[in-house]
Amino acid sequence: MEEPLKVYNTAVEAFLEVIGGKWKPVILFHLTFGKKRNGELMKLIPAITQKVLTQQLGELTEAGVIVRISHHQVPPKVEYELTVYGWSLKEILHLMCRWGDIHVENVYGDRGKILFKPPTTTDR
C-alpha cells in the first residue's frame, strides 16, 4: 500500500490550506457576487495591498477555486471569477458573513459597523 501523499489531522486543515488567512475568504466572498477586476477588488478591500492581492489571487487560481480571465484588448482587461469548484464555497462564505454580523452586534452593538452591504440579488 502506498503512503498517503498528504495527511491532515482534520478536514478543517485541508479547508484552511486552500482558503485560510486574512484575505482569501474576503476575496472569495466578494466573488460570490460576480466576477471582479483587480481594481474593483482593491476598492472592496481597501486594507489589502496590491502585492498581497496579486499573491492571494494567484494562490486561489492555483488551487482551482477561481479563474483568471484575460481579455485581449487595449488597455488589457483581466477579471477573476469563481470556478464551479469555487462556487461550492458560497454557502459557507455567506454563513461566515452572517456569523460576523451577529458577532459585531453581540460585541459592539450600536458602536460596531460593517461597511459592505451585499447586493440583494445574485447571479447564482
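The values are calculated or read from the model by the stated rules, or taken from the named source; none is laboratory data. Here the structure is a predicted model, which is why all the values come from computation and not from measurement. Because the Cβ atoms are built from the backbone with ideal geometry, glycine has one as well, and the counts that use them run over all protein chains shown. The accessibility values were calculated without ligands, DNA or RNA, using every heavy atom of the protein model including side chains. Shrake-Rupley method; radii C 1.70, N 1.55, O 1.52, S 1.80 Å.
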**Asked** Just one of (i) 16.6, 59; (ii) 14.8, 49; (iii) 16.2, 55 is Rg and Dmax of the Cα atoms in Å as worked out from the coordinates here. Which one is it?
**Response** (i)
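Counting Lys +1, Arg +1, Asp -1, Glu -1, what net charge surrounds Val18 among other residues with beta carbon under 13 Å of its beta carbon?
On the way: positive: Lys6, Lys24; negative: Glu13, Glu17, Glu59, Glu62.
Counting the neighbours of Val18, the net charge comes to -2.
Based on the Cβ-Cβ distance of Leu5 and Arg111, what FRET efficiency does E = 1/(1 + (r/R0)^6) give at R0 = 35 Å, to the nearest 0.05?
That gives a FRET efficiency of 0.10.
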**Item:** Given Lys6/Lys43; Lys22/Lys113; Lys22/Lys90, the pairs whose alpha carbons are separated by over 26 Å
**Value:** Lys6/Lys43
**Request:** For Glu40 and Asp101, calculate 0.36 nm times their separation in residues minus their Cα-Cα distance, and state this gained length in nm to one decimal.
**Result:** 19.7 nm
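Accessible area per residue of the range 1-89 at 1.4 Å probe, in Å²?
Working: 5780 Å² over 89 residues.
Accessible surface, normalised per residue, equals 65 Å².
Using a 1.4 angstrom probe on the protein heavy atoms only, line up Arg98, Arg37 by accessible area, largest first. Working shown, then result.
Details: Arg98 125, Arg37 100 Å².
Largest to smallest exposure gives the sequence Arg98, Arg37.
Could you tell me what percent of the accessible area of the chain is made up of carbon and sulfur, with a 1.4 Å probe and every protein chain present? Each step should come with its number before you reach the end.
Numbers: 5200 of 9020 Å².
Here carbon and sulfur together make up 58 percent of the probe-accessible area.
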